[in-house]
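Bear in mind these aren't lab numbers, they're just calculated from the coordinates by the rules spelled out. What you are looking at is a predicted structure, and each value in this text was computed from that prediction instead of being measured. Reconstructed Cβ throughout: ideal geometry from the backbone, glycine too, with neighbour counts over all protein chains shown.
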Amino acid sequence: MNLTRSLAIPVLVASLAGCRQTQQAGPPPPPPGVGVQLARMKAVAPSDSFVGRIKAINTVQLRARVEGFLEKVLFKEGQHVKTGELLYQIEKTQYQAAVDQANANLAAAQAVQLNAQLQFNRAADLVKTQAVAQTTLDQDRANLDSANASILQNRAALAIAQENLGYTDIKSPIDGRIGLTTYTQGNLVNPASGVLATIVSDDPIYVEFPVSMRQIADITAAHKQEAPGALAIKVVVHLANRQEYAHPGTWNFIDNEADQQTDTLLVRAVLPNPERQLVDGAFVTVDVEEAEEKPRLVIPRAALLLDQAGVYVLVVDKEHKVAIRRVTTGEAVNTEIAIASGLEAGEAVIVDGVQKVRPGQVVEASVIAPGAGAAK
């Protein structure tokens, strides 16, 4: 009886243990759910982004060309000025006196020249009758030539005096915006005083940005032209607050020498600037877009992942398993990005739930419509 009981106890313990293990194992968990979007073809204008700097088309530094005290400063700092507008006025008294003196000297020289001409004419008539000697005629000719030379000299002096008088009025040579004045009314200025003020033109205005030789070569090859200067390319600027500037520009110049340190060429575009939002010297983001749209394979930017090997995306294959696709990206278009290689149209790219899955794992995929919000 005791032996039977001893054998029954281990059997009962083993049976209870088996039941407990069966209860703990339970059914397998369902596959995790992910949101996917299908890679699709879309008409895209090829574009690239660069860091550029705004540059005025014309910049003028105003300087004094004669010495004198500033009698008037006729502008407000920061105002827009027109070509020919009077900005500074230097005292004129001494320069006006120099003009008057030069005029008087010229009048005196003209009187001497007139007398020399008359004497020469008389001597020329008398020498024919041998009433005067040939030497007298030669002397009168020399006096006349000297008088003519004196007139030329005094006319030159008058021109210089008039020019110096004109320099007392400093006018704007361009339309633009004037900056701070270095000297105020009553100060002595001269050619050594340096810059009085700076004027920069602001409508239209340039944006300059470096483009790599590879990108230049790609653009040139795409358009089958020897130089990209005449390409139909639109330039869009984004301001410091990331807002898109309302007036697109046009690519109009490419430098003829590459920067040997960066292997880039300087490219310039011209932009309208009617509201004067763009300021000379400011940094901006430049998007270069070709006018002609071309079909591109696009996916949401949210699908892109990065590791030490480069850029990749996760896709759900026909067996509902997660797989890695190494991709090469192209143009960015709003919330989407073009894929140059590594992916085919129609593949289901994971855009939601990426952090919950790993390659080779079976998942339950649900398609998200393009444009709908999706979080990683």
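Given a cut-off of under 8 Å on Cα pairs at least six residues apart, what relative contact order in percent is computed for the stretch 237-308?
Details: 53 pairs, mean separation 22.0, N = 72.
Computed over the stretch 237-308, the figure is 31 percent.
Within 10 Å of each residue's Cβ, count the other Cβ atoms and sort E336, E77 from fewest upward. If you can, show how the numbers build up before the last one.
Values: E336 21, E77 11.
In increasing order of surrounding Cβ atoms, one gets E77, E336.
State the extension gain, in nm to one decimal, for the chain segment bounded by L180 and Q260, taking 0.36 nm per residue of separation less the distance between their alpha-carbons. Write down the numbers at each step before the final one.
On the way: separation 80, 0.36 × 80 = 28.80 nm, distance 3.71 nm.
Contour length minus Cα-Cα distance gives 25.1 nm.
Which residue fluctuates the most in the chain, going by a Gaussian network model with Cα springs under 10 Å, if the choices are V36, V127, V313?
Largest GNM mean-square fluctuation: V127.
Hey, what angle do you get for helix 213-223 against the long axis of the chain, alpha-carbon based, 0 to 90 degrees rounded to 10?
It is inclined by approximately 90 degrees.
On a straight-distance basis, which lysines could pair with K82 in a cross-link, Cα separation under 29 angstrom, same-chain partners fewer than 8 positions away excluded?
Straight-line reach from K82, under 29 Å: K55, K72, K92, K171.
Expressed as an acute angle from 0 to 90° and rounded to the nearest 10, what is the orientation of the C-alpha long axis of helix 93-126 relative to the principal long axis of the chain?
Value to nearest ten degrees: 40.
Nearest 10 degrees, 0 to 90: what angle lies between the long axis of helix 2-25 and the longest principal axis of the chain (Cα atoms)?
Result, in degrees: 30.
Which whole-number percent gives the relative contact order of the stretch 92-167, counting Cα pairs below 8 Å spaced six or more residues apart?
Dividing the mean separation by the residue count of the stretch 92-167 yields 53 percent.
In what sequence do T59, T285 fall when counting other Cβ within 10 Å, fewest first?
Ranked by crowding around the Cβ, least crowded first: T59, T285.
Tell me the label-point distance for the pair K234, A340, using the 7 Å Cα-to-Cβ offset, in nm and rounded to one decimal.
2.3 nm
Between H320 and S366, what is the label-point separation in nm under the 7 Å Cα-to-beta-carbon projection?
Result: 1.5 nm between the two label points.
Expressed as a rounded percentage, what relative contact order does the chain have, with Cα pairs under 8 Å and six or more residues apart?
Worked out over the chain, it gives 27 percent.
Going by a ≥ b ≥ c, the root eigenvalues of the Cα gyration tensor, does the stretch 92-167 fall in the rounded group (a/c under 1.5), the prolate group (a/b larger than b/c) or the oblate group?
Since a/c reaches 1.5 and a/b is larger than b/c, the shape of the stretch 92-167 is classed as prolate.
How would you classify the chain from its alpha-carbon gyration tensor, with a ≥ b ≥ c the square roots of the eigenvalues: rounded for a/c under 1.5, else prolate if a/b is greater than b/c, otherwise oblate?
Verdict is prolate for the chain.
For R122, R325, R214, what ranking results if the residue with the fewest other Cβ atoms within 10 Å of its Cβ goes first? The partial results should precede the final answer.
Values: R122 15, R325 18, R214 10.
With the fewest neighbours first, R122, R325, R214 line up as R214, R122, R325.
Using only helices, what value at 222 nm comes out for the chain when you add -39,500 (n - 2.57) per DSSP H run of length 4 or more and divide by the total residues, to the nearest 500 deg cm²/dmol?
So the helix-based figure for the chain works out to -9500 deg cm²/dmol.
In terms of modelled amide H atoms, which long-range or inter-chain residues lie less than 5 Å from the amide H of A282?
I54
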